[in-house]
Amino acid sequence: MKLSMNWLADFTDVSDISVKDYCDRMTDTGSKVEGWETLGEDIENVVVGRIASVVPHPDSDHLLICQLDCGTGEEIQIVTGAHNVYEGAVVPVAMVPAKLPGGVKIKAGKLRGVESNGMLCSIGELGLTTHDMPGAVEDGILILSDVGLGDAPLGQDIRKALSLTDSVVEFEITSNRPDCLSVIGLARETGVSFDRAVTIPTPPVPPVRGDGDDIGNYLKVEIREPSLCYRYSARVVKNVKIAPSPLWLRMRLRAAGVRPINNIVDVTNYVMLEYGQPMHAFDYACLEGSEILVRRAAAGEKFVSLDGVEHSLEDSMLVIADAKKPVALAGVMGGENSEITEGTKTVVFESAMFRGPSVRVSGKKLGMRTESSSRFEKGLDRENTVPALHRACELVALLGAGEIVDGEIDCYPTKAEPFTMPLEAEKINRFLGVSLTEEYMADVLRRLSCRVEDGIITVPSFRDDLRCMNDIAEEVLRIYGYQKFDSAPLCGETTQGGRTARQQYEQLVRDTLVGAGLCEAQTFSFISPKFYDKIRMAEDDPRRVSIVISNPLGEDTSIMRTTALPSMLNVLENNAAVKNRDARLFELASVYIPRGGENDLPDEEKRVVLGFYENTASDGRGFYRMKGIVEALLAASGVRGAEFAPVTNDPLFHPGRCAVLTVGDKKIGVFGEVHPQTAANFTIGAPTYLAELDFDALFGARAAVTEYVPLPKYPALERDFSFVCAEDTAVATLEKCMRRAGGPTLDSVKLFDIYRGPQIGAGRKSVSFAVMLRAADRTMTDEEADGAVKRITSSLEKECGAVLRS
């Protein structure tokens, strides 16, 4: 936001404060200053002069010799190549020595043998444009009478004549202070920062003309979307005279960085800068049906904006329309089909309040961002629309730009209620660490336009950012002054940091897997949907239902993964591609499980993913190595009661080398050798093994507290058994039965051999175990050991059909 100090002077007096001091104090009180400039400071010794005579140059057919009267009593001779000069013309004269914008220095010299003691200036040489000086020519000398300044005193500094004696301060306004995107808003901040009186005149309501004409004869307004348009105010101006704005108004717009256009458009821009309320002017003749409808656009509806660009609108966008077509994109930009032209005779002024997020989304989708939209999207004051409208009418009358039609339209479906809250002085002092009186706080808040009565603060409508005690404390503190705080040591209670139980378990998993020879990998959580096909996932597998990213970088990263196995295979494939002969990796990977609702966020779950490949024959040993890693992780976690069961129907894994891990009735995960047909989709070229375990299930099944078990005091008795059972009887089933039958005296069971052969018979196998028996409180006798063995063999025969091999 650029603030003209001359404009600021209309509301508060800071003439005794230097620009630097002003900027420092405003920054101290929270209105950050980016910088400032003095307009015209690069123009020196350029004055108003009158051409006394013009004669041709004797040695040139394109140069002229001018005698200038600059009010000094002596004429100055200047040679010029411009041909729009004439005797009696009032022009800017750069007297020797002079400085012009761009570092140009003017010195005395000779042109074709004739002395020239200065230069006549064009608008470009003074850093101006034809928008700043309508009526001036671009390729000739600036004739001041052409821009309404023919009566400027001779010898007057051209900066004063052209209203270039101003300083401009540029503020960086934070998004929570849209009220400061205006001269009045910054005047309020100036007043409270310097404890100066601020006078904000109330724009007069245009007087009733009494000619029988009324706005109802011209226009009606209907708000069809009150949730997107909170208020819509309008007035009509007839007998409009389109012309350039006066110099003072053009120069104020120029200082604020806005290009002057014509008196009607300049009035809307002037009010926006002064009041912070964006306005728009429609050519009434272009409004079909003499009505304004505030409605949503139809899907695909076409709209050509003022910059000549055609847009295809969406039904979420709010438009200002007449009976047949949109004439403006609400809060962003007007339409080409209703713009103000030289032929405009009747104007409709719009002053409205639109919902900020709606304006921002519409502008972003169409690639449009304007001074208007940048204000609306931050949230404006609903109570400001009518005062801004009255100010526009006041300026129209002041400029003689038209006649104000009696009456106004003000559609205000839902009036905003004033926000109130208690002034908690004690709490604020405790929060800030200061000792300020409640009276001081109340005084500061009143200077900030709040009303404070009986300990209750009524927040002004333009301060939407004041909603809690912390906000009030900040206001008091910034005006009191941060620099008034004395340095003091920090105080407070120390807290003991540490990892949570979940974080500790994550570290345990990492340490265990690194100890098993694996390296940690990290992969992206978004993948290509083609990955599911590469691992041959069934079409009806629920894991195929994934969260789709609305703005992906590409198809390869278009969905959020529901399994991390394809990512691990991809990393292994990359390792194989660079000739890494032995890659053993793990990842604590996140997967995203949809909840089912269209707008529901997915459940983010963690998986422990293992993967390695071996440049050896596919003999099944890799499966047992993977099983050993999983068992090591279970042992380190203190998980008891884990069971393994074969899986034959998972298309990702080899049907004879895949197992599911469960604890009780909870599935922990699956592991095994990758199916050859799946492996063919990845260029690894070696037997590959994968595991995917549910981290949360492991965490829940872990032993939260590790109990110490002392070394046994009494010797153990060992027994070896070989049982003959059916081929499809799992070893785990036999072991489970033995532990149940052996009871507390069964110390351990270890498988040491499996035999198949003609001596055993077809469809059967011999399974051999080493069993260790031990009593915790005594030495077991042979009789006790034989009793335990008998229970074991009997249970195996009854429950599993396994008989002791003879």
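Observations on the structure shown:
- Restricting attention to the range 469-501, the residues that are among the aliphatic types (A, V, I, L, M), in a helix (DSSP H, G or I) and over 32 Å from the mean Cα position of the chain (by Cα) total 1.
- Among (1) among the polar types (S, T, N, Q); (2) crowded, with 20+ Cβ neighbours inside 10 Å; (3) over 30 Å from A94 (Cα atoms) - the single one S116 does not satisfy: (3)
- Counting only strands (runs of 3 or more DSSP E) wholly contained in the range 687-806, the ones carrying 2 or more residues that are at negative phi and not assigned by TED's automatic domain parsing to the domain that holds G664 occupy 717-726, 746-755, 764-773.
- The range 68-81: number of residues that are assigned to a loop (DSSP other than H, G, I, E, B), touching a residue at least 12 places away in the same chain (Cβ under 8 Å) and over 13 Å from P92 (Cα atoms): 2
- Some residue of the range 278-301 being among the hydroxyl-bearing types (S, T, Y), at positive phi and out of contact with any Lys or Arg (no Cβ under 6 Å at 6 or more places or on another chain): yes
- Residue within the range 88-105 that is under 19 Å from G150 (Cβ atoms), open to solvent by less than 60 Å² (accessible area, probe 1.4 Å) and outside any strand (DSSP E or B) present: yes
- Residues within the range 24-73 that are buried (at least 17 other Cβ atoms within 10 Å of the Cβ) and of a type in the set (K, R), tallied: 2
Let's see how each residue does on (1) open to solvent by less than 30 Å² (accessible area, probe 1.4 Å); (2) outside any helix (DSSP H, G or I):
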site	(1), (2)
I261	no, yes
I264	yes, no
Y270	yes, no
G334	yes, yes
N337	no, no
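- Meets criteria (assigned to a loop (DSSP other than H, G, I, E, B) and open to solvent by 60 Å² or more (accessible area, probe 1.4 Å)) for D132: no
- Candidates L432, L389, L436, L398, filtered to the one that is surrounded by fewer than 19 Cβ atoms within 10 Å (Cβ to Cβ) and closer than 30 Å to K241 by Cβ: L398
- Residue check, G216 without any contact (Cβ under 8 Å) to a residue 40 or more places away in the chain and open to solvent by 40 Å² or more (accessible area, probe 1.4 Å): no
- Qualifying residue in the range 222-233 (condition: modelled with pLDDT of 95 or more, open to solvent by less than 60 Å² (accessible area, probe 1.4 Å) and small (G, A, S)): yes
- Count - residues of the range 27-44 that are without any contact (Cβ under 8 Å) to a residue 60 or more places away in the chain and either polar (S, T, N, Q) or in contact with a Phe, Trp or Tyr (Cβ under 6 Å, 6 or more places away or on another chain) (or both): 1
- Candidate set from the range 446-473 (those that are without any contact (Cβ under 8 Å) to a residue 40 or more places away in the chain, of a type outside the set (A, V, I, L, M, F, W, C) and open to solvent by 40 Å² or more (accessible area, probe 1.4 Å)); member that is nearest to D24 (Cα to Cα): R446
- Residue match in the range 234-249 (condition: more than 20 Å from T344 (Cβ to Cβ) and open to solvent by 40 Å² or more (accessible area, probe 1.4 Å)): yes
- Residue within the range 543-559 that is within 23 Å of A679 (Cα to Cα) and in a loop (DSSP other than H, G, I, E, B) present: no
- Among (1) out of contact with any Asp or Glu (no Cβ under 8 Å at 6 or more places or on another chain); (2) in contact (Cβ under 8 Å) with a residue 24 or more places away in the chain, the one test that A297 misses: (1)
The values are calculated or read from the model by the stated rules, or taken from the named source; none is laboratory data. Note that the structure is a prediction, hence the values are computed from the model and not measured. Every residue, glycine among them, receives a Cβ derived from its backbone with ideal geometry; neighbour counts consider all protein chains shown. Quick note on the areas: whole protein, heavy atoms, side chains included, nothing else; ligands and nucleic acids left out. Shrake-Rupley method; radii C 1.70, N 1.55, O 1.52, S 1.80 Å.
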